[in-house]
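Everything below concerns the one structure shown next.
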Amino acid sequence: MAQQKEIKALIHLIDDPDEQIFNQIREKILSIGNEVIPLLEEAWENQNLGVLYQSRIEDIIHKIQFDAVYHNLYQWANSGSQDLLEGALIINRYQYPDLDEEDIKNKISAIRQDVWIELNNSLTAFEVIRVVNYILFDLHGFTGNKKNYHSPQNSYLSTVLESKKGNPLSLAILYCIISQQLEIPIYGVNLPSHFVLAYKDNNNVLDFLDTDQEDNGVLFYVNPFSRGTIFNRTEIEQFLDQLKLEPKSNFFEPCSNIEIVKRILANLVYSYEKLGYPEKVNELKELKSALEP
């Protein structure tokens, strides 16, 4: 890190009335990165130089934190995006940069432990889902937030774990993370206007069933927003028919973690558009570009 004395001198000049000089100072501070944030926060608290000084510090801190989120999201996407929890946490940092991620992981670990205790090798796939449903929705009390369905808080994992309420996507992500950590073959399905889960037929159960229905390697589907209701392909087809949409193959198949995180961002864009926060909308659209090839 650059010498603290030099950085503090730069920070002291943030209130320069000359916009060009301020922009040069801003760029120098931004180039230092996350390490400068404690000094900026200290200056914000201790200096009494007026609203302009404080607002400029807030802008610089936000820009540093936003750039870090963008970089982390880009790195996650380009390193395989295997860890869905990490992808969700990166988005969480956009709104909550000081997030206690260990606390989130511990809460998820506690739920996973409760599910694990109830599992055994003799359970069928349907029985496994009943166990997960009981632990998640009955024991821990998670539920769909129907009253404030479009609230942006429904998209941040930290607030979902705290409030026990979420939208179809956030509840599905939590369900998916816990299941996959327990090697239960549950994956997200990116339906239009909804988000559900697919239980993959990893044990080739469908080979023994007398059915002509196309299965895409999916044994059945799960709707976490409806307390883990189990349903089949026909019901997805009926849902798409109500929306007057063609039943494309990707509406029945597991999607990638990148598609799930894109969906989080799309939900947040919609939420903040409704609330009238154009700056957040533009930033979230920029974050989405970090996920593009």
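The values are calculated or read from the model by the stated rules, or taken from the named source; none is laboratory data. Just so we're clear, the structure is a prediction, and the values are computed from it rather than from any experiment. Cβ placement follows ideal geometry from the backbone for every residue including glycine, while neighbour counts extend to all protein chains displayed.
Are any residues in segment 187-202 closer than 24 Å to LYS146 by Cα and not aromatic (Phe, Trp, Tyr), and if so, which ones?
Result: GLY188, VAL189, ASN190, LEU191, PRO192, SER193, HIS194, VAL196, LEU197, ALA198.
Are any of the residues in segment 114-126 within 29 Å of LYS288 (Cα to Cα), buried (at least 18 other Cβ atoms within 10 Å of the Cβ) and not assigned by TED's automatic domain parsing to the domain that holds ASP67?
No; the residues of segment 114-126 include none that is within 29 Å of LYS288 (Cα to Cα), buried (at least 18 other Cβ atoms within 10 Å of the Cβ) and not assigned by TED's automatic domain parsing to the domain that holds ASP67.
Looking only at segment 132-150, which residues are more than 19 Å from ILE104 (Cβ to Cβ) and among the small types (Gly, Ala, Ser)?
GLY144
Among the residues of segment 140-153, is any in a helix (DSSP H, G or I), within 26 Å of ASN267 (Cα to Cα), touching a Leu at 6+ places or on another chain (Cβ under 6 Å) and of a type outside the set (A, V, I, L, M, F, W, C)?
Scanning segment 140-153, I find at least one residue that is in a helix (DSSP H, G or I), within 26 Å of ASN267 (Cα to Cα), touching a Leu at 6+ places or on another chain (Cβ under 6 Å) and of a type outside the set (A, V, I, L, M, F, W, C), so the answer is yes.
Starting from segment 27-41, keep only residues that are in a loop (DSSP other than H, G, I, E, B), then list their pairs with residues that are among the aliphatic types (A, V, I, L, M) and modelled with pLDDT of 90 or more whose Cβ atoms are within a distance under 7 Å, requiring at least 6 positions of separation or different chains.
GLY33/ILE64
Tell me, yes or no, whether segment 186-204 has at least one residue that is surrounded by fewer than 19 Cβ atoms within 10 Å (Cβ to Cβ), more than 24 Å from ASN257 (Cβ to Cβ) and out of contact with any Leu (no Cβ under 9 Å at 6 or more places or on another chain).
Among the residues of segment 186-204, at least one is surrounded by fewer than 19 Cβ atoms within 10 Å (Cβ to Cβ), more than 24 Å from ASN257 (Cβ to Cβ) and out of contact with any Leu (no Cβ under 9 Å at 6 or more places or on another chain), which makes the answer yes.
Within segment 54-89, restricting attention to residues that are more than 17 Å from the chain's Cα centre (by Cα) and of a type in the set (Ser, Thr, Tyr), which residue is farthest from GLN180 (Cα to Cα)?
Checked segment 54-89; the qualifying residue farthest from GLN180 (Cα to Cα) is SER55.
Tally up the residues in segment 65-93 that are more than 15 Å from LYS288 (Cβ to Cβ) and part of a loop (DSSP other than H, G, I, E, B), please.
The number of residues fulfilling the criteria is 4.
How many of the residues making up segment 238-293 are touching an Asp or Glu at 6+ places or on another chain (Cβ under 6 Å) and either part of a helix (DSSP H, G or I) or closer than 27 Å to ILE177 by Cβ (or both)?
So the answer is 1.
Kindly indicate whether any position in segment 198-210 is more than 18 Å from GLN82 (Cβ to Cβ), within 16 Å of the chain's Cα centre (by Cα) and either in the same structural domain as LYS274 (by TED's automatic domain parsing) or modelled with pLDDT of 95 or more (or both).
no
Which members of segment 47-56 meet the condition of being more than 25 Å from TYR70 (Cα to Cα) and part of a helix (DSSP H, G or I)?
Residues satisfying the conditions are VAL51, LEU52, TYR53.
Does ASN133 count as crowded, with 16+ Cβ neighbours inside 10 Å, out of contact with any helix residue (DSSP H, G or I) (no Cβ under 8 Å at 6 or more places or on another chain), assigned by TED's automatic domain parsing to the domain that holds LEU268 and more than 23 Å from LEU284 (Cα to Cα)?
yes
I'd like the residue in segment 1-46 that is polar (S, T, N, Q) and more than 36 Å from the chain's Cα centre (by Cα) and, out of all such residues, is nearest to HIS71 (Cα to Cα).
GLN3
Condition first: of a type outside the set (S, T, N, Q), within 12 Å of the chain's Cα centre (by Cα) and within 14 Å of PRO152 (Cα to Cα). Now tell me which residues in segment 259-283 satisfy that.
ARG263, ILE264, LEU265, ALA266, LEU268
Given the structure, is THR229 modelled with pLDDT of 95 or more, loosely packed, with under 15 Cβ neighbours inside 10 Å and assigned by TED's automatic domain parsing to the domain that holds PHE142?
It is true that THR229 is modelled with pLDDT of 95 or more, loosely packed, with under 15 Cβ neighbours inside 10 Å and assigned by TED's automatic domain parsing to the domain that holds PHE142.
What pairs come out if I take residues in segment 113-128 that are within 15 Å of GLN180 (Cα to Cα) and pair them with residues that are of a type outside the set (A, V, I, L, M, F, W, C) and surrounded by 15 or more Cβ atoms within 10 Å (Cβ to Cβ) whose C-beta lies under 6 Å away, six or more apart or interchain?
ALA125/TYR199
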